[in-house]
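The values are calculated or read from the model by the stated rules, or taken from the named source; none is laboratory data. The shown structure was predicted, so the numbers you read here are calculated from the model rather than taken from an experiment. Quick reminder, even Gly has a Cβ in these numbers, built from the backbone with ideal geometry, and neighbours come from all protein chains shown. Each accessible area value is taken on the protein alone, full model and side chains, heavy atoms only, with ligands, DNA and RNA left out. Shrake-Rupley method; radii C 1.70, N 1.55, O 1.52, S 1.80 Å.
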Amino acid sequence: MKLCSIASGSSGNCIFAGSDKTSLLVDAGISGKRIEFGLNEIDRTTADIDAILITHEHSDHIKGLGVVARKYKIPIYATAGTIDALLAMNSLGKMPEGIFHEIREDEPCVIRDIAVHPFSISHDAAQPVGYRLENGGKRIGIATDMGQYDDYIIENLSELDGLLLESNHDVNMLQVGRYPYYLKQRILGSRGHLSNETAGQLLCRLLHDGMEKILLGHLSRENNYEALAFETVCAEITMGDVPYRAADFDICVAGRDTISCLAEI
């Protein structure tokens, strides 16, 4: 399996995941030009994309979806609630008939040689999901935009070989920052976003000897920065009640506007 963050942050999200035979995008929240540039960096093109998996309908996840999917006739996979929300948006433009494919939480589907397992997440969207992708005995997870985690999330992210996990904000930066009160409460709430600390605590529940790659993603532009997210998550792991130290794992931060390395898992 291959995993690469083309963009991950509050201003736009687009993740590449694939195998030797299959190329998928998870979300398309940046321009088509940026998507093409990012894919070119890993020797792919937008025309190579077999499907786009959408987590939810917020603009930072679907900004480039309409243009890219129409131009290249790429199938779009999303839950019924997300599809309805997308169709209600004027910004998406007129979409070709049959381009949407409904998926359901906890019901796997297969796209070429990749098994796609959607799972529910807690976020203030119509019917949001995260994804677990499997191929050739390897499993990667993509889990962002979660206000909280529980045993169900842990079960869906267990025994992964690679993971892109939200590490959205530093709680103190958010609390003293310039966001209005209602927005702070939304982000901190059970349907908001994972903080750096909470991301580290979740990782403590997921780490195992076979974990090859961890990408921390969806960082807030206003309430976080890369070094802080990395240091906080690593501290939670190293100081946590687990038989590991952060240095035991390949952990890096996915940039908001920069392409990550291509992880070969």
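Summary of computed values
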| quantity | calculated |
| --- | --- |
| Measure of compaction for region 1-77 (Cα Rg per 2.2 N^0.38 Å) | 0.95 |
| Total formal charge among the other residues, if their Cβ is under 13 angstrom from that of ALA78, Lys/Arg +1 and Asp/Glu -1 | -4 |
| Scattering curve values for region 94-193, log₁₀ I(q)/I(0), Debye with Cα scatterers, q = 0.12 Å⁻¹ | -0.50 |
| Whole-percent carbon and sulfur share, accessible surface of region 123-255, 1.4 Å | 46 percent |
| Apportionment of accessible area to carbon and sulfur, region 1-83, percent (1.4 Å) | 51 percent |
| Potential lengthening between VAL242 and GLU264 on full extension [0.36 nm per residue; Cα-Cα distance subtracted] | 5.3 nm |
| Normalised contact order of the chain, rounded percent, pairs of Cα under 8 Å and 6 or more residues apart | 20 percent |
| Per residue Cα convex hull volume in Å³ - calculated over region 152-237 | 84 Å³ |
| Cα centroid separation - region 147-202 against region 233-256, whole Å | 16 Å |
| In sequence order, calculated HN-Hα J values of region 138-147 (Karplus, 6.51, -1.76, 1.60; Hz; x Gly/Pro) | 9, 9, 10, x, 10, 9, 10, 6, 10, x |
| With at most 12 other Cβ atoms within 10 Å, longest stretch of the chain clear of loop trypsin sites (Lys or Arg not before Pro) (DSSP) | 95-177 |
| Overall Cα dimensions of region 1-147 - principal axes, largest extent first, Å | 37, 32, 30 |
| Given LYS2/LYS184; LYS73/LYS94; LYS94/LYS184; LYS73/LYS138; LYS73/LYS213; LYS63/LYS138, the pairs whose alpha carbons are separated by over 23 Å | LYS2/LYS184; LYS94/LYS184; LYS73/LYS138; LYS73/LYS213; LYS63/LYS138 |
| Total formal charge among the other residues, if their Cβ is under 11 angstrom from that of GLN201, Lys/Arg +1 and Asp/Glu -1 | -2 |
| Charge tally in the Cβ shell below 9 Å around HIS61, where Lys, Arg are +1 and Asp, Glu are -1, HIS61 excluded | -3 |
| Extension gain, TYR72 back to ASN40 (0.36 nm per residue minus Cα-Cα distance, nm) | 10.0 nm |
| Shape call, region 68-128: gyration tensor on alpha carbons, a/c limit 1.5 | oblate |
| Equivalent-ellipsoid semi-axes of the chain, from the Cα gyration tensor, Å, largest first | 27, 21, 17 |
| Average accessible surface area per residue within region 92-211, 1.4 Å rolling probe, Å² | 44 Å² |
